[in-house]
Amino acid sequence: MTTRPTRHAADGDLAVRIQNLDVTFATDGGDVAAVKNVSLDVRAGEVLAIVGESGSGKTVTARSILGLLPETARVDGVVLLGDHDIVTVDEARLRELRGTEVAMIFQEPSSALNPVYTVGWQLAEGLRAHGKYTRRAARARAIEMLARVGIPNPSRRVDDYPHQFSGGQKQRIIIAMALALSPSVIVADEPTTALDVTVQAEILDLLRQLRDETGTAIVLITHNMGVVADLSDRVAVVLAGRIVETAPSRELFAAPKHEYTRRLLAAVPRLEIVDRAQVAATDEPPVVSAEGLVIEYPGRFGRPGFRAVAGVDFTISAGEVLGLVGESGSGKTTIGRAIAGLTRVSDGSLRVLGAEMRGMRERSFRPLRRELGFVFQDPGTSFNPLLTIAQCVAEPLVVHGIAESPAAARDRVDELLEAVQLPKAFGDRYPHELSGGQRQRASLARALALNPRLLIADEPTSALDVSVQARVLELFAELQGQFGFATLFITHDLAVVDQLAHRVVVLHQGAVAEQGPTAQVLGSPKDAYTRRLLASLPVPDPIEQELRRTARRAAMNLEAEGDISSSPSSPAR
């Protein structure tokens, strides 16, 4: 194994320099200091990871490099990008620099993509805006970038709209947009949040390759310490707007100096193969039962339909947590939406709380919605931006007649917010005033408002930093044990599945690859696809992660050689 030496300041030219940065936001409740006296350097060819809890100021620090802070922000200090001070440069020059010199991979792809334009048009728009591409060349470049980030059939899918892609695929499109003009600096804000572990590994390889081949500097904002261990050269730890520790990655993971850093690392979920007792069998019918479940999306303009789920069988018993894992586009979210009555069943059977969903009318299913809770993958698009957080959380209580108004439900809302570690004062804020992780916690509070019999959790911890994730998972386990609601837990984080689920179903291209008790599936996987998922799971240790990365590449090479040798056109060996 070849070990890449840790980069030092002298290894490359200075790409970004931040000096004495202060960012303060004007709010109705007074000024809020989000970033306090932050100083950082990033060299060409270096990956600097900025980590910290939600609301710590890490994303605000990163956005200052592109001048993407709102008008309510007051910025003091220096942010040098090449020869330009982003704090003082005019808006016209900023537009020229964005995309060509610095680009951003956003945290929430559904908010960053325009739903009324095809993804190809949106990719080409940035290319044409800088006057470097003709219409035909821009389309060709868009197809090339979609292929580079792993979108299948890019020449066809370049004409699809954002809603036709899974959450992970939309994140890959955002990454393609950031890479399109080959900028010298990439600010990656949670670039792998919505990605399953196999695609995450591919994206990290892509960013690593870009860094090594072109000398691109990368500022990585993430709560995933496995991603930090895999990709970063240096780490800056941020707490309450201040940097409390900066060190080379290997040094920080081996011997963290600050107590807060040690607490972050201790909170990282690890795959321990917990042999959890199964839910006791009863005469009570399953909360959810799928037999030969098929879900198809109809084609448009003469195109054939797309079969997202193909003949899936599984059950969820009362009080059971079922983990549903698989790659982006494998059908996980589609199944969750079908259970919630948001997507139609095409064939087979899907019974939810005793009701057959195939052919179910909305009017007939509406009374059952009170017994369902749903935590969406993307909290940024699941809240009404015109309502306060308290009004959003109270909405199920008002709709189902539990409370006369959001004001009447405020006591219950305050309890829910505090249960998910949000101060009750946050109820008076609007969704855009919360960080991504804070919005996800508010989404969990809303899902629990009606004490549901069945909770559908679609990537509920994907946007949370590790310390808050650990507490939320603890809280989830406590609430699930106390109230006994059944759960469909959709996630790409196998360590979370190991921590919570009684059983797990592994999906691959819309079909079940493997299912069974969690300890059995994760501890002794029978299917090659499950083994590949486990091999792609990042761990919070740079040395071990490099060994795993080497092993994963070797396994992929062997798999590819096996495919070639089994091909009919291959010569016999």
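Where a number appears in this text, it was derived from the coordinates with a stated rule and is not lab data. What you see is a predicted model; the values in this text were computed from it and never measured. Every residue, glycine among them, receives a Cβ derived from its backbone with ideal geometry; neighbour counts consider all protein chains shown.
Evaluating 6.51 cos²θ - 1.76 cosθ + 1.60 at θ = phi - 60° for every residue in region 17-25, the Karplus couplings come out as 10, 10, 10, 6, 7, 10, 10, 10, 9 Hz, glycine and proline recorded as x. Taking amide H as placed 1.01 Å from N in the peptide plane, the amide H of ALA49 sits under 5 Å from that of LEU220, ASP233, ARG234, VAL235, ALA236, each at least 5 places away or on another chain.
Take the Cβ atoms of GLU125 and VAL244, set R0 to 41 Å, and the FRET efficiency comes out at 0.55.
Show log10 I(q)/I(0) for region 262-402 at q = 0.12, 0.17 Å⁻¹, two decimals, from a solvent-free Debye sum over equal Cα scatterers. These q points yield log10 I(q)/I(0) values of -0.69, -1.18.
Note: relative contact order over the chain, using C-alpha pairs below 8 Å and six or more positions apart, is 16 percent. Its convex hull of Cα atoms gives region 94-210 a direction-averaged projected area, equal to a quarter of the hull surface, of 6.6 nm². The distance from the alpha carbon centre of region 115-180 to that of region 361-425 is 35 Å, rounded to a whole number. A crude spin-label estimate for the pair ALA407 and THR100, with each label 7 Å from Cα along the Cβ direction, gives 5.5 nm. Bridging of LYS526 to lysines at a Cα separation below 29 Å is possible for LYS332, once same-chain residues fewer than 8 apart are set aside. Mean residue ellipticity at 222 nm, helices only, the chain: -10500 deg cm²/dmol; runs of at least 4 DSSP H residues each add -39,500 (n - 2.57), and the sum is divided by the number of residues.
Paramagnetic label reach from GLN520 (point 7 Å along Cα→Cβ; backbone nitrogen cut-off under 15 Å): within region 449-489, no residues. Segment HIS432..GLN209, full-extension length gain: 76.9 nm, with 0.36 nm per residue of separation and the alpha-carbon distance subtracted. With 0.36 nm allotted per residue and the present C-alpha distance subtracted, the ARG344-ARG361 stretch has 5.2 nm of extension available. In plain terms, the chain from GLU259 to ALA551 could stretch by 101.8 nm, reckoned as 0.36 nm per residue minus the Cα-Cα distance. Each label point was placed 7 Å from the Cα along the Cα-to-Cβ direction; for ASP83 and ARG135 their separation is 3.7 nm. Exposed loop chymotrypsin sites (Phe, Trp or Tyr not before Pro) only (DSSP loop, at most 15 other Cβ atoms within 10 Å): please give the longest stretch of the chain free of them, not including the sites. The segment 302-573 is the longest one with no such site.
Here the calculated FRET efficiency for GLN164 and ARG370, from their Cβ-Cβ distance with R0 = 25 Å, stands at 0.20, rounded to the nearest 0.05. Here's how it looks for ALA34: its modeled amide H is under 5 Å from those of VAL23, THR24, PHE25, which are all 5 or more places away or on a different chain. Candidate membrane-span-like segments in the chain, meaning DSSP H helices with Cα atoms spread over at least 18 Å of their own axis and a Kyte-Doolittle mean of 0.0 or above, are 167-179, 466-483, with no membrane implied.
How about LYS58: which lysines have a C-alpha closer than 26 Å to its C-alpha, ignoring those fewer than 8 places off in the same chain? Qualifying lysines at Cα under 26 Å: LYS36, LYS170, LYS257, LYS424. Inter-label distance, GLU71 to LEU386: 2.0 nm, where each label sits 7 Å from its Cα along the C-beta direction.
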